[in-house]
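**Student:** Handing you this structure, nothing more for now.
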Amino acid sequence: MIASTSTATVKSISIGGSLIGGSEDGISGRIDIALSATLSNLFIGGDLRSTFFSSGEVRAGTLSNVTIGGSVYASETPDTEVTQIFAAGSVGTLRISGSVGGNDENMAVINFDRATKVKVNGRVDHATIIGEGAAATVGKVNVGGAWVASRLAVGTTPGADTLYGTADDTILVGTSSIGSVKIKGQALGSPEAGDSFRIISKTIGAVSVGGVAYPFGAGAQSHPIGVTDDFVVIDQT
Ligand SMILES: [Ca+2]
Ligand SMILES: [Ca+2]
């Protein structure tokens, strides 16, 4: 674990290989910067990867520039879902060269208040990206591959199911927004019954999936996308 409890900015952490969750103590495989402090540059050449016992995790107040050369993988251990990338405040640019992948046990979770850009070159599969709070914003979300069984909730309450980005979410009164979402591959939910997947915010500027643009303008829009009937991109204003 790399930890800093100071409120001073940490200018740079660079790991050539992977950051991997550890054994049974549950706190290894972590970069843990004070939630009032900024980590300006984080480079992980390989994966941010979880093991059976614990997750690879990054936590800070602000994450200005994050580059992950590999993929982000959630743990497969039942009931051990954690937020693998957490900024108490803002994220500048988050670039992931590989994929963001969870599994049937745990979603890969990314959580912040605001983000300028999230770019994933591979697929987003069993992942939840949360912009938390009534003023949450995400500028651009670009995904090079497919979007599968994944959620992007910006400025919502999770509702009775306690999950962000599902059908029972309520959009908070405020100024939340998603500027644009561009998914180059296909987008879909899951073939199982009873679950739901949303890209949701008060205002969404533009969405394209597989080269098809879905109209988002003034007023409320709701577009079901994909073959599974449980994935909807929805805004309110
Ligand atoms: Ca929910
Ligand atoms: Ca709208």
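Just so you know, all these numbers are worked out from the coordinates, no wet-lab data involved. The model shown is predicted, which means the values in this text are computed figures rather than measured ones. Here the Cβ positions follow ideal geometry from the backbone for every residue, glycine too, while neighbour counts run over all protein chains shown.
**Student:** Run the quick spin-label model on ASP229 and SER208: label points 7 Å from Cα toward the beta carbon, then report their separation in nm to one decimal.
**Tutor:** 3.0
**Student:** What are the lysines whose alpha-carbon lies under 25 Å from the alpha-carbon of LYS202, with same-chain residues fewer than 8 places away excluded?
**Tutor:** LYS117, LYS119, LYS140, LYS182, LYS184
**Student:** What is the magnitude of the charge dipole of region 2-234 about its Cα centre, with +1 placed on the Cβ of each Lys and Arg, -1 on the Cβ of each Asp and Glu, and no other charges, expressed in debye to the nearest 20?
**Tutor:** Details: 15 positive and 20 negative charges, 273 e Å.
Charge dipole of region 2-234: 1300 debye, to the nearest 20.
**Student:** Around GLU192, what is the net charge, scoring Lys/Arg as +1 and Asp/Glu as -1 over all other residues with Cβ under 13 Å from its Cβ?
**Tutor:** With Lys, Arg at +1 and Asp, Glu at -1, the net is -4.
**Student:** Take SER222 and ASN121, extend 7 Å from each Cα along the Cα→Cβ direction, and tell me the distance between the two endpoints in nm.
**Tutor:** 3.8
**Student:** On full extension of the chain, what length is gained from THR157 through GLU76, given 0.36 nm per residue of separation minus the C-alpha to C-alpha distance?
**Tutor:** 26.5 nm
**Student:** Right, here's the next one. Over all alpha-carbon pairs of region 110-175, lay out the pair-distance distribution in 5 Å bins, whole %, shortest bin first.
**Tutor:** 4, 18, 26, 25, 17, 8, 1
**Student:** Turning to a different aspect of this structure: Tell me, what is the Rg over Rh of region 59-195, with Rh the Kirkwood radius over Cα pairs?
**Tutor:** Working: Rg = 13.9 Å, Rh = 14.9 Å.
Result: Rg/Rh = 0.93.
**Student:** What residues qualify as long-range amide H neighbours of VAL207, i.e. H under 5 Å apart, gap of 5 or more or another chain, H built at 1.01 Å from N?
**Tutor:** Residues meeting the criterion, in which the H sits 1.01 Å from N, are VAL181, TYR214, PHE216.
**Student:** What does the charge count near GLY139 come to, summing +1 for each Lys or Arg and -1 for each Asp or Glu among other residues with Cβ under 9 Å from its Cβ?
**Tutor:** Working: positive: ARG114, LYS117, LYS140; negative: none.
Charge balance near GLY139 sits at +3.
**Student:** Quick check: residue separation of ASN142 and LYS184 times 0.36 nm, minus the Cα distance between them. What number comes out in nm? Don't jump to the answer; show the numbers that get you there.
**Tutor:** Details: separation 42, 0.36 × 42 = 15.12 nm, distance 0.80 nm.
That pair, ASN142 and LYS184, stretches by 14.3 nm at full extension.
**Student:** For the peptides 79-90, 159-170, what is the packing order when you average, over each peptide's residues, the other Cβ atoms within 10 Å and list the highest mean first? Show your work: numbers first, answer last.
**Tutor:** On the way: 79-90: 19.8, 159-170: 16.0.
The most tightly packed comes first, giving 79-90, 159-170.
**Student:** Let me ask something else about it. Hey, if you put +1 on the Cβ of every Lys and Arg and -1 on every Asp and Glu Cβ in the chain, which of GLN84, SER208, PHE197 ends up farthest toward the positive end of that dipole?
**Tutor:** SER208
**Student:** Could you give the size of the charge dipole of region 108-208 about its Cα centre, using +1 on the Cβ of each K and R and -1 on the Cβ of each D and E, expressed in debye and rounded to the nearest 20?
**Tutor:** 620
**Student:** Non-local amide H neighbours of SER18 (under 5 Å, H modeled in plane, Pro and chain starts lacking H): which ones?
**Tutor:** For SER18, whose amide H was placed from the backbone, the distant partners under 5 Å are GLY46, ASP47.
**Student:** Using only the alpha-carbon atoms of the chain as identical scatterers, what base-10 log of I(q)/I(0) does the Debye formula give at q = 0.11, 0.13, 0.14 Å⁻¹?
**Tutor:** -0.51, -0.72, -0.84
**Student:** While we're on this one: If we sort 211-219, 95-103, 124-132 on the protection proxy, mean other Cβ atoms within 10 Å, highest first, what's the order?
**Tutor:** 124-132, 95-103, 211-219
**Student:** While we're looking at this one, here's another question. In whole Hz and in residue order, list the ³J(HN,Hα) couplings for region 114-125 that follow from phi through the Karplus curve 6.51 cos²θ - 1.76 cosθ + 1.60, θ = phi - 60°; x for Gly and Pro.
**Tutor:** Here the 3J(HN,Hα) series is 9, 9, 7, 8, 10, 10, 10, 6, x, 9, 10, 9 Hz.
**Student:** Shifting gears a bit: As a footprinting exposure proxy, order MET1, MET107 by other Cβ within 10 Å, with the fewest listed first. All intermediate terms of the calculation are to be shown ahead of the outcome.
**Tutor:** Numbers: MET1 12, MET107 26.
Starting with the residue having the fewest Cβ neighbours, the order is MET1, MET107.
**Student:** Using θ = phi - 60° and the Karplus form 6.51 cos²θ - 1.76 cosθ + 1.60, what ³J(HN,Hα) does each residue of region 40-57 get, whole Hz, x for Gly and Pro?
**Tutor:** Running phi through 6.51 cos²θ - 1.76 cosθ + 1.60 with θ = phi - 60° gives 6, 9, 10, 10, 10, x, x, 8, 9, 10, 9, 10, 4, 8, 8, 8, x, 9 Hz.
**Student:** Related question: Full extension from SER12 to ASN41: what is 0.36 nm times the residue separation minus their Cα-Cα distance, to one decimal in nm?
**Tutor:** Numbers: separation 29, 0.36 × 29 = 10.44 nm, distance 0.46 nm.
Full extension from SER12 to ASN41 adds 10.0 nm.
**Student:** Using R₀ = 41 Å, calculate the FRET efficiency as 1/(1 + (r/R₀)^6) where r is the Cβ-Cβ separation of GLU192 and SER97; round to 0.05.
**Tutor:** Details: r = 30 Å, r/R0 = 0.72.
After rounding to 0.05, the efficiency reads 0.85.
**Student:** Restricting attention to region 21-79, which GluC sites (Glu not before Pro) occupy a DSSP loop and are surrounded by at most 16 other Cβ atoms within 10 Å? Numbers along the way, then the final one.
**Tutor:** Numbers: sites: GLU24, GLU57, GLU76; in loops: GLU24, GLU76.
Qualifying residues, ordered by number: GLU24, GLU76.
**Student:** How large is ³J(HN,Hα), in whole Hz, for each residue of region 176-189 in order, when computed from phi with the Karplus curve 6.51 cos²θ - 1.76 cosθ + 1.60 and θ = phi - 60°, using x for Gly and Pro?
**Tutor:** 5, 7, 10, x, 8, 10, 10, 10, 6, x, 8, 10, 7, x
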